[in-house]
Amino acid sequence: MRLTALRRTFIAAILFACGGVGSAGADDSPLPIQVMTPAGQKAGAGQTPNMPSAAEQHRLPPDSSTRQTLELPGRTLSFLATAGSIRLFDDKGEPQADIVYTSYQLDGTDRGTRPVTFFFNGGPGSSSAWLQLGNAGPWRLPINADEVTPSTFPEASPNAETWLDFTDLVFLDPVGTGYSRFVGNGDDVRKRLYSVDGDANALALVIRRWLEKHDRLLSPKYIAGESYGGIRGPKIVHQLQMRQGIGVKGLIMISPAFDSSVRAGLLRYVAALPSYAATFREAKGPVKRADLADVEAYARGEFLVDLMKGQQDKEATTRLADKVAALTGIDQAVSRRLAGRVELAEFRREFDRKNGKLIGNYDASVRGLDPYPDSGFHLSGDASSDTLLAPLTSATVDLLTRKLNWRPDGSYELVNRSVGQAWDFGRSPPESVSQLRQIFATDRKLKLLVGHGLFDLVTPYLGSQIVLDQLPPFASAPRVKLIVYPGGHMFYSRDTSRQAFRAEVEAMMK
């Protein structure tokens with residue numbers, strides 16, 4: 001029971017709204033799912049030609065492709081937009097799941113040289129709408145949680161910062177998210193696809209099938225993932241390299257979690273401290289990462305040393321508790337009571353308790369009203385993400401049905417929490433560092449770009465810095481670049497941060 005509870009702690013750290021792994025050899029096992037063409041498939045046992053199978057009863061509509069024109073500042077983009085799905089089959093030819101994609105391909109380009117980028121979000125259990133409508137797609141919905149409310153008008157507008165200028169775009173919704181769904185019977189397929197490696201293997205297959213389906217095998221390929229996408233991304237690239245015969249030029253990670261163990265034990269306090277301090281300093285004025293050099297040095301130096309001495313060393317404990325209070329704005333008495341070991345939930349509540357406000361998980365610069373201001377137990381949802389759920393869901397459904405003319409039945413799952421609850425994380429904390437090492441060693445030209453937000457408390461930027469610093473010298477600058485922007489988990493909700501990150505991605509693809 002203690003081990004199970006510990007695993008749940010790891011899991012809780014990576015259940016992201018926008019988000020164990022076995023050994024490195026786990027990815028070398030035979031693939032349990034194949035993608036096949038259903039044409040000519042025979043009816044199963046007990047099925048007559050006049051009785052549709054369960055898979056057919058749940059079939060999504062045929063792919064819908066429409067010509068679109070987007071008027072943007074200084075240019076006009078004409079492109080083919082496609083909303084559709086790719087069906088997964090097992091090795092017996094039985095249908096397993098339909099994975100939905102939305103793709104945008106610019107007109108008048110050379111498919112052999114034109115890059116194509118595949119996007120997915122995290123959770124597990126989050127659709128790709130966050131990256132599509134919040135960041136890189138042709139249309140964008142403002143998702144700045146300090147102003148957006150559930151009743152905000154949910155129509156997306158042309159996105160001046162779309163990545164379509166320099167890469168074609170394919171947004172993928174893993175099974176259980178968006179309109180993607182299981183069509184196979186039994187628990188085996190759910191157990192397989194709701195697992196760390198099964199999920200990555202399936203998405204790698206979908207990417208290969210999309211490339212085949214759209215004659216894009218020769219195109220330069222990039223993978224972009226957010227949050228739990230930090231676990232998915234390197235694993236997918238490894239699968240594409242080693243199993244699917246597909247090379248990838250670059251990996252773009254947005255607020256990623258590469259290794260859940262960084263958010264456990266003493267390291268979780270080290271990783272979080274600069275983001276706590278950034279939150280405190282931002283309340284007084286604009287903050288950049290360079291302004292936190294002193295906090296990072298302290299966190300990785302004296303702070304860690306005093307933590308390791310333990311609470312039996314009263315002098316060290318008092319010293320670090322008082323320093324944490326000074327750096328984060330937490331009341332000194334509270335910091336001493338917590339021995340300077342401030343958990344995320346405690347920081348959210350204590351930081352602005354005097355005003356009855358809770359700070360956001362995903363963006364600590366956002367303040368929300370505390371429904372239980374006098375309670376030491378109740379902790380409400382997240383003001384930096386909960387307000388976005390309604391408008392983002394409505395805008396995505398409107399985009400698919402009205403603009404792209406694709407009308408599935410069922411409900412659109414922006415965030416499906418039952419996926420995370422059913423997810424098999426394995427017997428170890430999920431990590432993709434093993435695959436990072438392998439894919440960099442396999443392809444000496446592969447590049448990695450990582451973007452983080454200063455005020456993200458779910459996946460603090462220093463956690464990624466710690467992970468990347470442990471990679472071998474061949475996986476270092478200029479192949480690997482980490483940039484930290486003002487903002488939270490979805491730092492691209494801020495105009496200047498979104499524009500700056502877009503410029504980095506475009507430069508990466510040149």
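The values are calculated or read from the model by the stated rules, or taken from the named source; none is laboratory data. All values reported here derive from a predicted model rather than from experimental measurement. Cβ placement follows ideal geometry from the backbone for every residue including glycine, while neighbour counts extend to all protein chains displayed. These accessible areas exclude ligands, DNA and RNA; they are computed on the full protein's heavy atoms, side chains included. Shrake-Rupley method; radii C 1.70, N 1.55, O 1.52, S 1.80 Å.
What shape does the stretch 438-510 take by its C-alpha gyration tensor, where a ≥ b ≥ c are the square roots of the eigenvalues and a/c under 1.5 counts as rounded, a/b above b/c as prolate, and the rest as oblate? Oblate, since a/c reaches 1.5 and b/c is not below a/b. Put +1 on the Cβ of every Lys and Arg and -1 on every Asp and Glu Cβ in the stretch 440-510; which of M509, V458, G487 then has its Cα farthest towards the positive end of the dipole? Result: M509. Listed by chain and number, the lysines whose C-alpha is less than 23 Å from the C-alpha of K92, apart from same-chain residues fewer than 8 away, are K42, K191, K213. Taking 0.36 nm per residue of sequence separation and removing the Cα-Cα distance, the Q332/T69 pair yields an extension gain of 88.9 nm.
Between amide H atoms placed 1.01 Å from N, distances below 5 Å from E413 occur with G178, Y179, all of them 5 or more places distant or on a separate chain. Enumerate the aspartates and glutamates that K235 could reach by cross-link, defined here as Cα to Cα under 19 Å, with residues fewer than 8 away along the same chain left out. Result set, ordered by chain and number: D27, D28, D173, D197, D199, E226, D259, D424, E431, D443. The phi torsions of the stretch 94-100, fed into the Karplus equation with coefficients 6.51, -1.76 and 1.60 and a -60° offset, translate into couplings of 8, x, 10, 7, 10, 9, 8 Hz, rounded to whole numbers, with Gly and Pro shown as x. Once you order the gyration tensor axes a ≥ b ≥ c over the Cα atoms, which shape class does the stretch 65-169 get: rounded for a/c under 1.5, otherwise prolate or oblate by comparing a/b with b/c? Verdict is oblate for the stretch 65-169. Contact order, relative form, for the stretch 174-251: 29 percent (alpha carbon pairs under 8 Å, 6 or more residues apart, mean separation divided by residue count). Restricting the chymotrypsin sites (Phe, Trp or Tyr not before Pro) of the stretch 337-417 to loop positions (DSSP other than H, G, I, E, B) with no more than 12 neighbouring Cβ atoms within 10 Å leaves F377. Across the stretch 343-352, coupling constants 3J(HN,Hα) worked out from phi with the 6.51/-1.76/1.60 Karplus curve, θ = phi - 60°, read 6, 4, 4, 5, 5, 4, 7, 7, 4, 10 Hz, and Gly and Pro carry x. Karplus-based coupling profile of the stretch 178-187, in residue order and whole Hz: x, 9, 5, 8, 6, 10, x, 8, x, 8, with θ = phi - 60° in 6.51 cos²θ - 1.76 cosθ + 1.60 and x standing for Gly or Pro.
In the chain, the calculated helix contribution to ellipticity at 222 nm averages -9000 deg cm²/dmol per residue, counting -39,500 (n - 2.57) for every DSSP H run with n ≥ 4. A cut-off of 5 Å between modelled amide H atoms, ignoring neighbours fewer than 5 places along the same chain, links Y101 with G84, S85, I86.
The apolar share of the surface of the chain, taken as the fraction of accessible area on carbon and sulfur atoms (1.4 Å probe, ligands and nucleic acids excluded), comes to 51 percent.
Candidate cross-link partners of K309 among the lysines, defined by an alpha-carbon separation under 21 Å and a same-chain spacing of 8 or more, comprise K323.
Taking every protein chain into account, the accessible area of the chain amounts to 41 square angstrom per residue (probe 1.4 Å).
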